[in-house]
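The values are calculated or read from the model by the stated rules, or taken from the named source; none is laboratory data. This one's a predicted model, so the numbers in the text were calculated from it and none came from an experiment. All Cβ positions, even for glycine, are placed from backbone atoms using ideal geometry, and neighbour counts span all protein chains on display. Quick note on the areas: whole protein, heavy atoms, side chains included, nothing else; ligands and nucleic acids left out. Shrake-Rupley method; radii C 1.70, N 1.55, O 1.52, S 1.80 Å.
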Amino acid sequence: MAGFDDALRGYAYPIHRRDGFRCRYCGLDGTKSFASWLSLHWDHLLPKGNPHRDDSDFIVTACMFCNIADNRYFDLLEKRGLRLDGLSPDELVAQRRPFVEATRQRYKNFWAVNVEA
Ligand SMILES: [Zn+2]
């Protein structure tokens, strides 16, 4: 089970460093503030059971929100007419990004109405 300490023990750090400490979906920059860095997590581009799931090439930096924003992604692949096989990590990120951005936009609209000072 992954935990927050993995960012310090080396599981996540090499992935975050490779990605410039930026969320691959929204661009949140973990070098700009401690709070931003704390919110960096990682995202598996392939589902459980895929033989390449735990290859570091197929794990990318994602902030905690983007990591869960489209958490039914793998379940909905077929319904959305998407595939995973044969796509590069960059292509997999690009394929998923619009779904993550759609959820972010819904949350941003909510925030603007209900939270923003
Ligand atoms: Zn993000």
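Can Phe34 be described as more than 14 Å from the ligand (Cβ to nearest atom), open to solvent by 80 Å² or more (accessible area, probe 1.4 Å) and free of Cβ contacts under 8 Å to residues at least 60 places away in the same chain? For Phe34, the condition - more than 14 Å from the ligand (Cβ to nearest atom), open to solvent by 80 Å² or more (accessible area, probe 1.4 Å) and free of Cβ contacts under 8 Å to residues at least 60 places away in the same chain - is met. If the condition is being of a type in the set (Gly, Ala, Ser) and more than 11 Å from the ligand (Cβ to nearest atom), then the stretch 63-80 contributes no residue at all.
Answer yes or no as to whether Lys79 is surrounded by fewer than 13 Cβ atoms within 10 Å (Cβ to Cβ) and part of a helix (DSSP H, G or I). Working first, answer last.
Values: surrounded by fewer than 13 Cβ atoms within 10 Å (Cβ to Cβ): yes; part of a helix (DSSP H, G or I): yes.
Yes: the conditions hold for Lys79.
Taken together, the residues in the stretch 66-76 that are open to solvent by less than 90 Å² (accessible area, probe 1.4 Å), within 20 Å of Leu28 (Cα to Cα) and assigned to a helix (DSSP H, G or I) amount to 3. Residue count for the stretch 44-62, restricted to those that are open to solvent by 10 Å² or more (accessible area, probe 1.4 Å) and either farther than 22 Å from Thr103 by Cβ or near the ligand (Cβ under 10 Å from one of its atoms) (or both): 9. Among residues of the stretch 10-31 that are closer than 18 Å to Val93 by Cα and more than 9 Å from the ligand (Cβ to nearest atom), those with a beta-carbon under 8 Å from a residue that is among the aliphatic types (A, V, I, L, M) and open to solvent by less than 30 Å² (accessible area, probe 1.4 Å) at least six positions away or on a different chain give the pairs Ala12/Leu40; Ile15/Ile59; Ile15/Val60; His16/Ala7; His16/Leu40; Asp19/Val60; Phe21/Leu40.
Please determine whether any residue of the stretch 84-97 is within 11 Å of the ligand (Cβ to nearest atom) and either open to solvent by 40 Å² or more (accessible area, probe 1.4 Å) or in contact with a Gly (Cβ under 7 Å, 6 or more places away or on another chain) (or both). The answer is yes; a qualifying residue exists.
Every residue, every condition in (1) free of Cβ contacts under 8 Å to residues at least 40 places away in the same chain; (2) of a type in the set (A, V, I, L, M), yes or no:
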| position | (1), (2) |
| --- | --- |
| Ile68 | yes, yes |
| Ser88 | yes, no |
| Val93 | no, yes |
| Glu101 | no, no |
| Phe110 | yes, no |
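Might you check whether a residue that is open to solvent by less than 40 Å² (accessible area, probe 1.4 Å), within 11 Å of the ligand (Cβ to nearest atom) and more than 25 Å from Gly10 (Cα to Cα) occurs anywhere in the stretch 101-110? Yes, the conditions are met somewhere in the stretch 101-110.
Given the structure, is His41 in contact with a Phe, Trp or Tyr (Cβ under 8 Å, 6 or more places away or on another chain) and either within 16 Å of the ligand (Cβ to nearest atom) or open to solvent by 70 Å² or more (accessible area, probe 1.4 Å) (or both)?
No: the conditions fail for His41.
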